[in-house]
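Here the structure is laid out as structure tokens; the discussion comes afterwards.
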Amino acid sequence: MDIINGEKIFVANCSSCHIKGNNIINPDKTLKKEILALNGMNNISSVAYQVMNGKNAMPAFGGRLSDSDIENVANYILQKSRENWE
């Protein structure tokens, strides 16, 4: 697990829609701890699956990021959600 790399990947690929854990496309689907838990997205495998395959307006990154990059960004997202994106 490489949180620093996960942060770099997030900034480069995710932050335009998910700045500070928010969601500019669908404000109800944030990366905040409570919302992730409510949607069953509060574990590495679920977040990694979403990043890899995309869903609705979110594009799939499986063809663009390596498996380790996807795992790193998933770990970063969960860590930041526990820290309330501070």
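Details
- Sulfur and carbon atoms: percent of accessible area, the chain [1.4 Å]: 52 percent
- A 1.4 Å probe run over the chain, with the rest of the protein chains in place, finds 61 Å² accessible per residue.
- Radius 15 Å from Cβ of K8, net charge of other residues (Lys, Arg +1; Asp, Glu -1): -2
- Across the protein chains, with a 1.4 Å probe defining accessible surface, the residues K8, K29 rank K8, K29 from largest area downward.
- Where E34, E86, E7 fall by accessible area, highest first, once all protein chains stay in place (1.4 Å): E86, E34, E7
- Summarised in one figure, the compactness ratio Rg/Rh of the chain, Cα atoms and Kirkwood Rh, is 0.91.
- Straight-line cross-link reach from K29 at under 20 Å between alpha-carbon atoms covers these lysines, not counting any fewer than eight positions away in the same chain: K20, K55, K80.
The values are calculated or read from the model by the stated rules, or taken from the named source; none is laboratory data. Quick caveat, the model's predicted, so the values are computed rather than measured. Cβ atoms come from the backbone with ideal geometry, glycine included; neighbour counts cover every protein chain shown. What goes into the accessible areas is simple: the full protein's heavy atoms, side chains included, and nothing from ligands, DNA or RNA. Shrake-Rupley method; radii C 1.70, N 1.55, O 1.52, S 1.80 Å.
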